[in-house]
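Scroll down for the structure; my scribbles are underneath it.
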Amino acid sequence: MTIQRHAFTRPSEEEIERLLYHMPAAVSWTENTWAANFGRSIIRQANRRRWAPSPKQLNIMRTMVSDLFSRGVKEEGELQVIED
């Protein structure tokens with residue numbers, strides 16, 4: 001996992017929810033022990049009342065979820081559209 005520096009933008013509640021939703025999958029996909037431990041820690045912290053990720057945590061969360069999706073595309077090949 002390479003930590004990318006995203007320009008800090010205040011996250012919306014929807015973005016935080018989306019990142020948290022995908023965090024368990026990102027934890028299971030990562031081969032980086034530190035990243036897996038970080039993800040599990042974030043999942044636990046998110047249960048706290050009024051918790052919000054710090055800018056550094058948010059950056060790492062964004063990177064982990066981005067890596068999850070980019071890795072999935074690389075391993076599965078091209079995305080295929082299913083038509084009815």
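Quick one: ranking Arg62, Arg49 by accessible area, 1.4 Å probe, largest first, what do you get?
Numbers: Arg62 30, Arg49 200 Å².
Final ranking, largest accessible area leading: Arg49, Arg62.
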Quiz item: Length gain on complete extension for the stretch Gln57 to Ala25, per 0.36 nm per residue less the alpha carbon to alpha carbon distance?
Solution: 9.8 nm
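The values are calculated or read from the model by the stated rules, or taken from the named source; none is laboratory data. Predicted model only: the values in this text are computed from it and were never measured. SASA here: full protein model, heavy atoms, side chains in, ligands and nucleic acids out. Shrake-Rupley method; radii C 1.70, N 1.55, O 1.52, S 1.80 Å.
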